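The values are calculated or read from the model by the stated rules, or taken from the named source; none is laboratory data. These numbers were taken from a predicted model, which means no experiment stands behind them. Heads up, the Cβs are rebuilt from the backbone with ideal geometry, glycines too, and the neighbour counts pull from every protein chain shown.
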Amino acid sequence: MLIKRLIRLRLFYIWITLILLGCSNDEIGLTEFECAEGNFECNVDVALASYVNDFFEEAEARGNGFPRDNIIAEFVDEIVINGIGFSGRGWSDYDGTGQKKIEILRNAWGTMNESQREILVFHELGHALLSRGHRNSRFPNCDRASVMCGDVCDGFRTIYTQADDQRRTYYLDELFDPCIEFPDWATAPPLTNSVIFLTDEISIEHENWNSILGENTVAGISDSVAFSGQYSLAIDAGVQEITHSSVWRYDLVEFPGGVFGSNFKVRAKVKAEEVVGTWAMSLQARNSDDRLIFNENTLACHTLDGTTEFEAFELNHYCFENDIEKISFVIGFIGGTTGTIYIDDLQFIYEK
Ligand SMILES: [Zn+2]
């Protein structure tokens, strides 16, 4: 009898305590996300709120604030895309409505520590609020270069811990500005052996190149502008605005054995003529399942406005992976750009 009363009494106290604490989530260590009034839905699960808050604060600290009226952050029981399961997902334009939204897999959340949870939420918010895609790059020391590393990046949710200020600061800086320089701690001993294993000086024969063009754009071989020899590849977006990217693509399917583990480099000479807008080059490496193993791009990090002489541009991928089947090198204009560029002297290089 006494025991029963004690239990009842204890339950009573627990009940009282819960009521007292229940007045405010703050008192039991939870912060709510404060939404602003607006035209979109704003609803952040209370268990995700502190991470979403931190993202907004880190953005504001870097002069990159967002209105707090457009974000849904919620838990779901399943995230499967093309038959593959994921722990999170983010949309910058959910269903074409402009709504920003992230989903977190409830089961995965339960297995993660605080740092891993932060990296997961920041990654998905990087898709949703920064419209960032995946960056499967590596540093010279082979560490992953970004919290925006995609689904092939095993273990990237341990690239920093909240206790390691230096690494955390770098990865957050990179999240909000992917153009920042490598950090000092990510360097490696200098590479001394450089091998140019493929050169294309562009000739009238150019069957390895394919053009993918937006409306009104023309692409072809120029026989009047060249860095070496007589020819270069040209893309002319004219004066009319194009809405889709217009690029030349070179597919590489054979690599020398020495390339594995090396710094893989592509170099091209590019000349601009009356360019207004953005040009870019990228490397995309896929395995036999057509999954993106690495990608590197110059997106928005270099400009080539106006009219220039030929200039050498490079992209590097450090720590070349084993299971690459094909690499596509893509170079050209982002949609909305006008003018002409000429491309010459493509080189693929590895350094060890
Ligand atoms: Zn992602």
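A few points about this structure:
- From the options Leu198, Leu191, residue that is out of contact with any Cys (no Cβ under 6 Å at 6 or more places or on another chain), in a loop (DSSP other than H, G, I, E, B) and touching a residue at least 60 places away in the same chain (Cβ under 8 Å): Leu191
- Tabulated pairs, segment 140-164, first outside the structural domain of Phe264 (by TED's automatic domain parsing) and under 15 Å from Leu175 (Cα atoms), second within 16 Å of the ligand (Cβ to nearest atom) and part of a strand (DSSP E or B), C-beta under 7 angstrom, 6+ apart or interchain: Gly150/Leu292; Phe156/Arg144; Ile159/Arg144
- Residues located in segment 118-165, provided they are part of a helix (DSSP H, G or I) and among the polar types (S, T, N, Q): Thr158
- In the set Leu172, Leu191, Leu120, only one residue is among the hydrophobic types (A, V, I, L, M, F, W, C) and within 16 Å of the ligand (Cβ to nearest atom); that residue is Leu120.
- Some residue of segment 250-265 being without any contact (Cβ under 8 Å) to a residue 40 or more places away in the chain and not charged (D, E, K, R): yes
- When His206 is tested against (1) part of a loop (DSSP other than H, G, I, E, B); (2) modelled with pLDDT of 90 or more, only condition (2) is not met.
- Verdict on Ser92 being closer than 30 Å to Asp69 by Cβ, within 13 Å of the ligand (Cβ to nearest atom) and either in contact with a Ser or Thr (Cβ under 6 Å, 6 or more places away or on another chain) or free of Cβ contacts under 8 Å to residues at least 40 places away in the same chain (or both): yes
- Exclusive hit being out of contact with any Gly (no Cβ under 8 Å at 6 or more places or on another chain) and crowded, with 21+ Cβ neighbours inside 10 Å, set Ile331, Ile349, Ile324: Ile331
- Residue count for segment 166-188, restricted to those that are of a type in the set (Ser, Thr, Tyr) and more than 19 Å from Glu60 (Cα to Cα): 1.
- Looking across segment 80-89 at every residue that is within 11 Å of the ligand (Cβ to nearest atom) and free of Cβ contacts under 8 Å to residues at least 40 places away in the same chain, the one that is surrounded by the fewest Cβ atoms within 10 Å (Cβ to Cβ) is identified as Ile81.
- Residue within segment 58-79 that is within 13 Å of the ligand (Cβ to nearest atom), free of Cβ contacts under 8 Å to residues at least 60 places away in the same chain and either within 17 Å of the chain's Cα centre (by Cα) or outside the structural domain of Glu32 (by TED's automatic domain parsing) (or both) present: no
- Residue count for segment 43-85, restricted to those that are part of a loop (DSSP other than H, G, I, E, B) and touching a helix residue (DSSP H, G or I) at 6+ places or on another chain (Cβ under 7 Å): 8.
- So Asp93, is it loosely packed, with under 13 Cβ neighbours inside 10 Å and of a type outside the set (Ser, Thr, Tyr): yes
- Of all the residues in segment 123-139, those that are surrounded by 23 or more Cβ atoms within 10 Å (Cβ to Cβ), near the ligand (Cβ under 9 Å from one of its atoms) and either without any contact (Cβ under 8 Å) to a residue 24 or more places away in the chain or not acidic (Asp, Glu) (or both) number 2.
- Strands (runs of 3 or more DSSP E) enclosed by segment 259-352 - at least 2 residues per element that are among the acidic types (Asp, Glu): 263-276, 311-317, 338-351
- Residue check, Ser115 free of Cβ contacts under 8 Å to residues at least 24 places away in the same chain, surrounded by 17 or more Cβ atoms within 10 Å (Cβ to Cβ) and part of a helix (DSSP H, G or I): no
- Of all residues in segment 104-112, at least one satisfies being assigned to a strand (DSSP E or B), within 13 Å of the ligand (Cβ to nearest atom) and more than 14 Å from the chain's Cα centre (by Cα).
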